[in-house]
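The values are calculated or read from the model by the stated rules, or taken from the named source; none is laboratory data. Nothing here was measured: the structure is a model prediction, and the numbers come from that model. When we count neighbours, we look across all protein chains shown, and the Cβ atoms used for this are built from the backbone with ideal geometry, even at glycine. Quick note on the areas: whole protein, heavy atoms, side chains included, nothing else; ligands and nucleic acids left out. Shrake-Rupley method; radii C 1.70, N 1.55, O 1.52, S 1.80 Å.
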Amino acid sequence: MSAVRPCCGQTMRAPPVDAVQFVEQLPIGGTHAPRLIARLARNFGLYIPEDVLVDSVYANEPDGGPLSARNVVAVLTCRLNPRLAPHGLKIESITGVGRRLKWIDDGEVAK
């Protein structure tokens with residue numbers, strides 16, 4: 001399924017009907033990774049600021065997570081991308097903007 005971006009007229013693949021349910025079915029273990037991927041899936045295609053992702057990952061921790069929480073999110077992203085790639089998905093990062101879950105574009109190689 002595809003859609004046309006109103007801003008530039010480019011076509012893009014639409015997210016799964018329910019992106020959250022889709023990623024919940026993927027074999028992603030651990031404590032923090034599922035929280036990160038669920039937050040990104042709820043906002044499929046939209047950039048989520050780093051601080052919001054840290055809050056999502058460490059929301060249940062009384063101290064708010066480690067001082068290196070932003071680094072942990074970066075490491076989780078690096079570990080998740082190879083697991084997402086076979087399903088045509090990737091987490092894209094832009095410094096100073098945030099991260100988003102998106103489809104791998106045609107011809108693009110997942111990192």
Quick one: in segment 57-80, which of the residues that are under 12 Å from the mean Cα position of the chain (by Cα) and open to solvent by 30 Å² or more (accessible area, probe 1.4 Å) is nearest to Arg99 (Cα to Cα)? Ala74
Taking segment 6-30 and keeping only residues that are open to solvent by 60 Å² or more (accessible area, probe 1.4 Å) and either at pLDDT 85 or above or not in a loop (DSSP other than H, G, I, E, B) (or both), one is left with Thr11, Met12, Arg13, Gln21, Phe22, Glu24, Gly30
Filtered residues of segment 56-88 (kept if aliphatic (A, V, I, L, M) and over 11 Å from Ile37 (Cβ atoms)): Ala59, Leu67, Ala69, Val72, Val73, Ala74, Val75, Ala85
Filter segment 81-102 down to the residues that are part of a strand (DSSP E or B) and open to solvent by 70 Å² or more (accessible area, probe 1.4 Å) and list them by number. Ile94
